[in-house]
């Protein structure tokens, strides 16, 4: 298989995975990527009536730290830098999970792989568990989130180093 066909196959698999998420999760992922990647004005696109501005503002502030986190992923065989990396990721993830728009580990992983890159994959189950278990997450939501993490995902023996290739983007129309 050529490089281009394997890349295309990966993108198609990522599109299928994204399509399997709930509508709420898909919209949250698209909005979060718009904010993190600076794709347009999220306030105008996602809350033209000002309705969700507080949540978007909080994401903007939290996501400012993503650039330094992308470069701070600790080596898997060392504890150096782990405290900063995990602490910052758990704080950002808890804020996202508290919005109650990510319902599963799969949707969380999909988003955070795109926010932080492939180097974050080994840390995502721990970050998800830590953030979902915090008292800031309502107990019913906490249970649903933690139950969505499969044993296979939690105990994976290795992780792909291949960067995500599909970054979903909502298409906005000016037409009313």
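Taking helices (runs of 4 or more DSSP H) that fall entirely within the range 110-176, which contain at least 1 residues that are touching a residue at least 40 places away in the same chain (Cβ under 8 Å) and closer than 22 Å to residue 13 by Cα?
Here the list reads 151-154.
Kindly indicate which of 72, 13 is in a loop (DSSP other than H, G, I, E, B) and closer than 19 Å to residue 164 by Cα.
72
How many of the residues in the range 27-52 are over 22 Å from residue 64 (Cα atoms) and either surrounded by 14 or more Cβ atoms within 10 Å (Cβ to Cβ) or modelled with pLDDT of 90 or more (or both)?
Selection size over the range 27-52: 0.
Look at the range 75-105 and say how many of its residues are part of a helix (DSSP H, G or I), surrounded by fewer than 18 Cβ atoms within 10 Å (Cβ to Cβ) and touching a helix residue (DSSP H, G or I) at 6+ places or on another chain (Cβ under 7 Å).
Count: 3.
Residues that are within 11 Å of the chain's Cα centre (by Cα), under 17 Å from residue 62 (Cα atoms), at pLDDT 95 or above and surrounded by 19 or more Cβ atoms within 10 Å (Cβ to Cβ): does the range 131-152 have at least one?
So far as the range 131-152 goes, no, none of its residues is within 11 Å of the chain's Cα centre (by Cα), under 17 Å from residue 62 (Cα atoms), at pLDDT 95 or above and surrounded by 19 or more Cβ atoms within 10 Å (Cβ to Cβ).
The values are calculated or read from the model by the stated rules, or taken from the named source; none is laboratory data. Nothing here was measured: the structure is a model prediction, and the numbers come from that model. Glycine gets a Cβ as well: all are built from the backbone with ideal geometry, and neighbour counts include every protein chain shown.
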